[in-house]
1. Express the carbon and sulfur contribution to the solvent-accessible surface of the stretch A:10-63 as a percent, rounded to the nearest whole number, probe 1.4 angstrom.
2. Translational D (Stokes-Einstein, µm²/s) of the protein assembly as shown at 10 °C and 1.306 mPa s when Rh comes from the Kirkwood sum over C-alpha pairs?
3. Using a 10 Å cut-off around each Cβ of peptide B:68-78, what is the average number of partner chain Cβ atoms that fall inside?
4. Based on alpha-carbon centroids, what's the gap between the stretch A:132-166 and the stretch B:45-118 in Å, whole number please?
5. Once you've got the Cα coordinates, tell me which of A:Lys43/B:Lys43; B:Lys20/B:Lys115; B:Lys43/B:Lys116; A:Lys116/B:Lys43; A:Lys20/B:Lys93 are over 31 Å apart.
6. With all protein chains present, how much of the accessible area of the stretch A:86-138 (probe radius 1.4 Å) comes from carbon and sulfur, to the nearest whole percent?
7. As an exercise, take the mean of 1/r over every pair of distinct alpha carbons in the stretch B:67-181, invert it, and state the Kirkwood radius in angstroms.
8. In degrees between 0 and 90, to the nearest 10, how far off the longest principal axis of chain A does helix A:53-64 point, with axes built from Cα atoms?
There are 2 protein chains.
Amino acid sequence: MAPPPAPQTMKERILQTADKLFYLQGIRAIGVDTIAAEIGISKRTLYNHFPSKDALIAAYLERRFVHARPSDKPPAEQILATFDSLERRFAAKDFRGCPFVNAVAELGPSDRAVKKIAIAFKESRRLWFRDRLTELGVADADALATQLVLLVDGSIAQDLVRDDPAMARAAKEAATVLLRNAGVDVGEPVKRRRAPK
Amino acid sequence: MAPPPAPQTMKERILQTADKLFYLQGIRAIGVDTIAAEIGISKRTLYNHFPSKDALIAAYLERRFVHARPSDKPPAEQILATFDSLERRFAAKDFRGCPFVNAVAELGPSDRAVKKIAIAFKESRRLWFRDRLTELGVADADALATQLVLLVDGSIAQDLVRDDPAMARAAKEAATVLLRNAGVDVGEPVKRRRAPK
DNA sequence: TTTTGATTACACAGACCTGTGTACTTAGGC
DNA sequence: GCCTAAGTACACAGGTCTGTGTAATCAAAA
């Protein structure tokens, strides 16, 4: 597994840098000059690849919209693993919330383009949960999927302001209760019963 | 119940207008000129009451930090009523997420003052839940309180991007399950059993 | 070698922002 | 009537931002 090679195209280099700066410091806080300077290119080159900052913002968000990879693990495990992954990301020092929620919060309700992609992203995550729950035979997979994304986004928002990765564990525990309540087998029920030999 | 009289002091008028504009359109999106123009005062007057925009932002957030009013209703009802109130606020067209989370998202991680008040607010909400749960005799009130704030913030974040007040109902249903799982009496268990009588 | 396309350096327009300086007006309290 | 405090009008400094215009450079393809 070689480390990823230096990005090939200019466009990709711009996007990588924009991603880093937009995400870590905020879209409004970063000017195109800053991005160009960070790469060491002229502002003119940047504008030769993206017609406007808005276009760059849209491309940044679209690039963040990565679909979940398929997995052959049992669905219940996949669902709970989501929260473990979340906890790892919270613990990383370069985590700064959900880029889509942040963009909507930053750019305001008037920016329809940003809102549209944010909605699409949130819905894709919800559907991912729903499909796993359907595989598990959960009756109202739709409703439970919504509840699970609430826990995900809630823990992200809480971690954003508190910097506390434990929020992911709390979300996982709540998710476990909700899953068990829906009839999904998720290991031993809380803490009752002694270790079964 | 007379409608609230026109605000008395200049400072209060400034704060009311700043609140409206900052909250609805974003802190970075609104300049002090805009606020002054909206009230019909000169920018100089505004700066006579607040030494800087940062001070105005801080005052805006502090004014948003209203503590929950005491209630004599049963604790379980109070907790669940939180989500009904949330749903009503989502349905209002002037709802635009949590001002504290938005401010942190907008102003970035470097703004310590904003982050500090945001943390204080989030913790005060969590402690409110914890106190209600303690009244109910819930064993691990701390952990459950954290899970409940995740549902609150999750539904706020989801509604911010999706404009869907149903997120509050989903949060309430999840909260009901979590409460029942902790031994709190919250009415009939889901949908089993026919109408009694 | 010549041509073509990408990139650079750099200036600049036009907008907006925060914050200040200054002189004028206005309204009450004494 | 006079004095003080608050507000007004307005210009402006100094900064940032997006986006463009232009001429020079460089490298690789033809």
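The values are calculated or read from the model by the stated rules, or taken from the named source; none is laboratory data. From a predicted model like this one, the values you see are computed outputs, not experimental measurements. A quick note on method: Cβ atoms are made from the backbone with ideal geometry, for glycine too, and the neighbour counts reach across all protein chains shown. Surface areas here come from the heavy atoms of the whole protein model, side chains and all, with no ligands, DNA or RNA. Shrake-Rupley method; radii C 1.70, N 1.55, O 1.52, S 1.80 Å.
1. Reported share for carbon and sulfur atoms: 46 percent.
2. 69
3. Whole-number average of other-chain Cβ neighbours for B:68-78 is 0.
4. Using only Cα atoms to place each centre, the spacing works out to 24 Å.
5. Cα-Cα > 31 Å for A:Lys43/B:Lys43; A:Lys116/B:Lys43; A:Lys20/B:Lys93; rest within.
6. Heavy-atom surface of the stretch A:86-138 belonging to carbon and sulfur, 1.4 Å probe: 53 percent.
7. 14.8 Å is the Kirkwood radius here.
8. With both axes taken from Cα atoms, the answer is about 30 degrees.
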